[in-house]
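The block underneath contains the structure these notes are about, expressed in structure tokens.
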Amino acid sequence: ILLSAINSGQAVQFPHRSSRSAPYTTRTVEPWGVVTDKGRWYLVGHDRDRNATRTFRLSRIGADVTPVGQPGAVTVPDDVDLQRIVADAVAEGPA
């Protein structure tokens, strides 16, 4: 579902938790791509709830990923470096 939303330029909503013991919260994200870093997979995009570029470890995203809004509404910034965003986020701490 995430890859389909990325390919179609569609936002998604999903349950996410910041750690294994944290409760899930619903996030609404404009997905830009999925990348791997040190054996872990991450979603990178614009988090509408936080109004910021964010990374989400896929293993912490719940199963109920839902596309929202119209296809084509999400555009990836031209100068975005997904791998750099993830590397910086991983260096800062838990994702």
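The values are calculated or read from the model by the stated rules, or taken from the named source; none is laboratory data. Computed from a predicted model, the values in this text were never measured in an experiment. Note that we place each Cβ from the backbone using ideal geometry, even for glycine, and neighbour counts take in every protein chain shown. The area values use the complete protein model at the heavy-atom level, side chains included, leaving out ligands, DNA and RNA. Shrake-Rupley method; radii C 1.70, N 1.55, O 1.52, S 1.80 Å.
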Residue list for the stretch 54-91, restricted to those being under 11 Å from the mean Cα position of the chain (by Cα) and open to solvent by 70 Å² or more (accessible area, probe 1.4 Å) | 54
Got at least one residue in the stretch 2-17 being β-branched (Val, Ile, Thr), surrounded by fewer than 20 Cβ atoms within 10 Å (Cβ to Cβ) and more than 13 Å from residue 76 (Cα to Cα)?
-> no
Residue satisfying all of: in the stretch 6-26; in a strand (DSSP E or B) and in contact with a Phe, Trp or Tyr (Cβ under 6 Å, 6 or more places away or on another chain); farthest from residue 60 (Cα to Cα) among these = 15
Residue, nearest to residue 81 (Cα to Cα), within the stretch 18-39, restricted to residues that are open to solvent by 70 Å² or more (accessible area, probe 1.4 Å) and in contact (Cβ under 8 Å) with a residue 40 or more places away in the chain = 38
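Mind counting the residues in the stretch 45-85 that are among the hydrophobic types (A, V, I, L, M, F, W, C) and closer than 17 Å to residue 8 by Cβ?
Filtering the stretch 45-85 for residues among the hydrophobic types (A, V, I, L, M, F, W, C) gives 52, 56, 58, 61, 63, 65, 68, 73-74, 76, 80, 82, 85.
After this cut, where a residue has to be closer than 17 Å to residue 8 by Cβ as well, the list is 65, 68, 73-74, 76.
The qualifying residues number 5.
State which residue is farthest from residue 35 (Cα to Cα) when the search covers only the stretch 47-95 and only residues that are in a loop (DSSP other than H, G, I, E, B) and hydrophobic (A, V, I, L, M, F, W, C).
Step by step, filter the stretch 47-95, then rank; the result is 73.
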Identify the residue in the stretch 40-53 that is open to solvent by less than 40 Å² (accessible area, probe 1.4 Å) and touching a Leu at 6+ places or on another chain (Cβ under 8 Å) and, among all such residues, is nearest to residue 85 (Cα to Cα).
-> 44
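Quick one: is residue 80 over 16 Å from residue 2 (Cβ atoms) and in contact with a Phe, Trp or Tyr (Cβ under 9 Å, 6 or more places away or on another chain)?
Working: over 16 Å from residue 2 (Cβ atoms): yes; in contact with a Phe, Trp or Tyr (Cβ under 9 Å, 6 or more places away or on another chain): yes.
When the stated conditions are applied, residue 80 passes them.
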